[in-house]
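S.K.: Here's a structure for you.
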Amino acid sequence: MRAAACWPGGASRIGVIAIAISCVLAGCGRADPSEKWGPLAVWRSSSGQLAGGGADARFEGTLHVADQCVSVDSGASRYMVLWPESDVEWNAERRTIEMSGVTMSDRQHVVMGGGFGPAPQRSPDGFANPPAASCAALSAEWFFVTEVKSAS
């Protein structure tokens, strides 16, 4: 019986193939949604679940980017924010959010379009990144962003 040919470093082809298959089956290399989206609560745009019903509301206030939640203070109220998967990007290094060609960061004044709705259920069905449990208790009403008009 012939021994398996070895690659430099002593790893056999069979061993490397076995590791690769194990990795695929175990999901190696798949990004954790919380790594991609950071503190953003992100809904699947394809699910069509905009709980606020409409998307015509204009909303503005001060953006707050915390470790697990993103919210906007508007007047005396704080609203948690839900972002659409297909249109938003999180930059972990700079801790910024980009949507509609606008880059936003903590403590900026933002103007957005979208709709208001009750706190979303944490069921993963409609979410690319569900809201952190600690965020849902912070606000009874959420703002579902469909467009960002400006940040300053």
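S.K.: Give me V102, V42 sorted ascending by neighbouring Cβ count inside 10 Å, so fewest comes first.
M.R.: Working: V102 17, V42 23.
Ascending number of Cβ neighbours within 10 Å: V102, V42.
S.K.: Excluding L138 itself, calculate the net charge of residues whose Cβ lies under 12 Å from the Cβ of L138, where each Lys or Arg counts +1 and each Asp or Glu counts -1.
M.R.: Once all neighbours under 12 Å are counted, the net charge is -1.
S.K.: Sum up the charges of everything whose Cβ sits under 14 Å from the Cβ of M99, counting Lys and Arg as +1 and Asp and Glu as -1, but leave M99 out.
M.R.: Net charge around M99: -4.
S.K.: Check Q121: other-chain or 5+ apart residues with amide H under 5 Å from its amide H, H built from backbone geometry?
M.R.: none
S.K.: Mind checking the full-extension length gain between R94 and K149? Use 0.36 nm per residue of separation minus the Cα-Cα distance, one decimal, nm.
M.R.: Values: separation 55, 0.36 × 55 = 19.80 nm, distance 2.06 nm.
Gain in length upon complete extension: 17.7 nm.
S.K.: Further, regarding this structure: What distance in nm separates the two pseudo spin-label positions at R58 and S77, each 7 Å out from Cα along the beta-carbon direction?
M.R.: Placing both labels 7 Å along Cα→Cβ, they lie 1.7 nm apart.
S.K.: Another question about this same structure. So what's the net charge close to P84: Lys and Arg +1, Asp and Glu -1, counting the other residues with Cβ under 10 Å from its Cβ?
M.R.: -2
S.K.: Name the residues of the stretch 136-152 whose amide N is less than 16 Å from a point 7 angstrom out from the Cα of T103 along the C-beta direction?
M.R.: 150-152
S.K.: Next up: Going by C-beta contacts inside 10 Å, put R95, R58, R44 in order with the fewest on the left.
M.R.: Least to most surrounded, the residues fall as R58, R95, R44.
S.K.: While we're looking at this one, here's another question. Determine Rg/Rh for the stretch 33-151; Rg is computed over alpha-carbon atoms and Rh is the Kirkwood hydrodynamic estimate from the same atoms.
M.R.: Across the stretch 33-151, the Cα-based Rg/Rh ratio is 0.91.
No value in this document is a laboratory result; all are computed from the given coordinates. Fair warning: this is a prediction, and the values are worked out from it, not measured in the lab. No Cβ is skipped: glycine too gets one built from the backbone with ideal geometry, and neighbour counts run over all protein chains shown.
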